[in-house]
Amino acid sequence: MGNEHVTTARGLAVLHDPLLNKGTAFTPEERARLGLDGLVPPVVETIEEQTRRVYSQYRAQPTDLLKNVYLAALRDRNETLFYRLLSEHLREILPIVYDPTVGEAIRSYSHVYRRPRGVFLSVDDMNGIGRAFDNLGRGPDEVDLIVASDAEQILGIGDWGVGGGAGIAAGKLAVYTAAAGVDPARAVPVALDVGTDNAELLNDPAYVGNRHGRVRGERYDEFIDAYVTAATRRYPAALLHWEDFGPSNARRILERYAERLCTFNDDMQGTGAIVLAAVLSAVKVTGTPLRDQRIVVFGAGTAGVGIADQLREAMVRDGLDGGTATRRIWAVDRQGLLTDATRGLRDFQVRYARPSAEVAGWARDGEGRVTLAETVARVGPTLLVGASTVRGAFTEPIVRTMAAAVERPVIFPISNPTERMEATPSDLLRWTDGRALVATGVPADPVVHGGDIHEIGQANNALLFPGLGLGAIASRARRISDGMLRVAAEAVAGLVDVSVPGASLLPMVDDLREISAAVAARVAGCAADEGLARAELEDPERQVREAMWRPEYRPVRAG
Ligand SMILES: NC(=O)C1=CN([C@@H]2O[C@H](COP(=O)(O)OP(=O)(O)OC[C@H]3O[C@@H](n4cnc5c(N)ncnc54)[C@H](O)[C@@H]3O)[C@@H](O)[C@H]2O)C=CC1
Ligand SMILES: CC(=O)C(=O)O
Ligand SMILES: [Mg+2]
């Protein structure tokens, strides 16, 4: 990363490039050399003055969606200023750029659409994939990170077609840059348009994506493979991030590429690791060791099983053999508690299916399912995780049953966005007389209960993937290993002091830059220890901090 931009662009072309544009902050010398005299108002402002103006414009937007649209437009005209605003008001603005408002913006993508961002690849034009990347005009050393989504399971709101892919990839990249200083000029969002099964989109005249059902099977795999081949040939050092794929593809894709590329699936691995971090904190409060946890996961999809896998591995490291660790986990999905007699088990769920003999005497509902309520009553879980998208699934009776059996029930309703949460923190604390240890996927205000203030940690992969990515980029990791995920989780947990009553189990979002630096240093160090680093790392702590891009204007020189 040099200290200045050199550009051959002149005049309006400079102002229209969001990575070069500084608007009223161009100096008189830059205005003269870049042909900007007379194209911007005469005043020369600082980025602080500009930030005050855009913050008041932002505040004047009447709804969260319009705030999101305003920010997207700001990002499209001046990325440095966008990131400056975001960084200075991270806690306030992150939920507008990212979770939960990103969900609303995605639903309205084709209607609020202004400008494209990143790369749009179509399953109907496989030959166009290489051309699309070439048109981006980036050299082989100019891309560190690509976030790609086919948008089949956006957050907890399902299939949102091309706007889902473009919207979630852009949202995740904003977090990468705000949280970990990933250089926005070196990161590319990719929307993988394989069609959509969302009838609302297919019937919407304004929809900007491929107007047919989702392509599946061989052609889908061929498309994903063509994307990976085109991207890795052109940008051999880039980290490939997979986001919001449907459960039938997420794990399959990861397994296909994880050993040979630097790649990870955020919903499985990022989420698993952030939940592990919260559990490591909870263990310190409850005193119940990891290996003695009894874990019920409600919603055994991409995220739910990703979480189960990370917790299972952590229990193995804590002294259990694999089989015993697996038996500490009960997975409940649409079919109720998953057992070896459950119809339609997905391959990645099989490991967690309980022997049916074990539950022979358990109560069944009208459809023959062992419900979440029955599972909780029988198991007496220490930890209940929700990744189901089912609002209100953690009902008062279920939570009271859990709280009757354990002193400090640990409950994580992590489904996004807000309207999908399995329970609200205030209800959970009320139903448990303030004993529950709670973390949620969306940001949540502190809860006052019985005179105590309970800070609610945000168990969202946003606390983890930026540092994981930065650590992988800084070390030029060959691949993302289990060890890197483990140290990332440990780094996050290491930043909280849970000895204070009511303390959050996770560090606060305001500290995202520090969190990401700590995670990145550990991840880069682990890559070096495991022989996976292609970069020289003498001092990972210093090197990752130095690698972080900052939202400050750099001189622009005419080249
Ligand atoms: N906080 C965080 O960092 C993250 C949160 N999530 C959230 O987790 C949720 C699930 O996401 P994914 O795993 O990607 O989706 P998914 O579709 O792979 O998994 C959802 C699972 O819930 C099950 N389910 C749906 N309705 C159910 C019901 N009535 N009873 C029991 N199970 C039911 C589905 O069958 C499926 O197995 C979403 O709300 C998402 O926002 C996902 C990733 C990260
Ligand atoms: C946070 C996230 O990745 C999700 O809800 O899918
Ligand atoms: Mg996701």
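The values are calculated or read from the model by the stated rules, or taken from the named source; none is laboratory data. Predicted model, so just to flag it, every value in this text is computed and none were measured. Virtual Cβ from ideal backbone geometry, glycine too; neighbours counted across all protein chains shown.
Some points to look at:
- Residue count for region 460-484 satisfying the condition of being part of a helix (DSSP H, G or I) and either crowded, with 24+ Cβ neighbours inside 10 Å or within 16 Å of ligand 3 (Cβ to nearest atom) (or both): 15.
- Cβ pairs under 6 Å, 6+ apart, first in region 264-276 and closer than 12 Å to Leu463 by Cα, second within 7 Å of ligand 1 (Cβ to nearest atom): Asp266/Asn461; Gly270/Asn461; Thr271/Ala303; Thr271/Asn461; Ile274/Ala459; Ile274/Asn461; Val275/Ala459
- Single residue of region 344-363 satisfying the filter (assigned to a loop (DSSP other than H, G, I, E, B) and within 31 Å of the chain's Cα centre (by Cα)) that is nearest to Arg312 (Cα to Cα): Ala353
- Those residues of region 297-331 which are within 10 Å of ligand 1 (Cβ to nearest atom), within 18 Å of Gly380 (Cα to Cα) and free of Cβ contacts under 8 Å to residues at least 60 places away in the same chain, in sequence order: Ala331
- Every residue from region 287-308 that is away from ligand 2 (no atom under 16 Å from the Cβ) and surrounded by 19 or more Cβ atoms within 10 Å (Cβ to Cβ): Leu290, Gln293, Ile295, Val296, Ala308
- Qualifying residue in region 54-61 (condition: without any contact (Cβ under 8 Å) to a residue 12 or more places away in the chain and under 27 Å from the mean Cα position of the chain (by Cα)): yes
- For region 158-178, filtered to residues that are within 15 Å of ligand 1 (Cβ to nearest atom) and over 15 Å from the mean Cα position of the chain (by Cα), the residue that is surrounded by the fewest Cβ atoms within 10 Å (Cβ to Cβ) is Gly158.
- Considering (1) crowded, with 19+ Cβ neighbours inside 10 Å; (2) more than 15 Å from Ile456 (Cβ to Cβ); (3) within 16 Å of ligand 2 (Cβ to nearest atom), the lone condition that Val399 does not fulfil carries the number (3).
- Unique residue being in contact (Cβ under 8 Å) with a residue 24 or more places away in the chain, over 22 Å from Asp221 (Cβ atoms) and of a type outside the set (D, E, K, R) when the list is Ile129, Ile96, Ile154: Ile96
- Scanning region 130-149 for residues that are in a loop (DSSP other than H, G, I, E, B) and over 25 Å from Ala477 (Cα atoms) yields nothing.
- Residue under evaluation Arg334, criteria (1) touching a Lys or Arg at 6+ places or on another chain (Cβ under 6 Å); (2) free of Cβ contacts under 8 Å to residues at least 24 places away in the same chain, criterion not met: (1)
- Looking across region 251-263, the residues that are in contact (Cβ under 8 Å) with a residue 60 or more places away in the chain, touching a Phe, Trp or Tyr at 6+ places or on another chain (Cβ under 9 Å) and not basic (Lys, Arg) come down to Ala258, Thr263.
- Residue check for Gln335: within 16 Å of ligand 3 (Cβ to nearest atom), within 22 Å of Ala250 (Cα to Cα) and not hydrophobic (A, V, I, L, M, F, W, C): no
- Each residue in region 74-98 was checked for being over 19 Å from Tyr553 (Cα atoms) and either modelled with pLDDT under 95 or surrounded by fewer than 19 Cβ atoms within 10 Å (Cβ to Cβ) (or both), and 2 pass.
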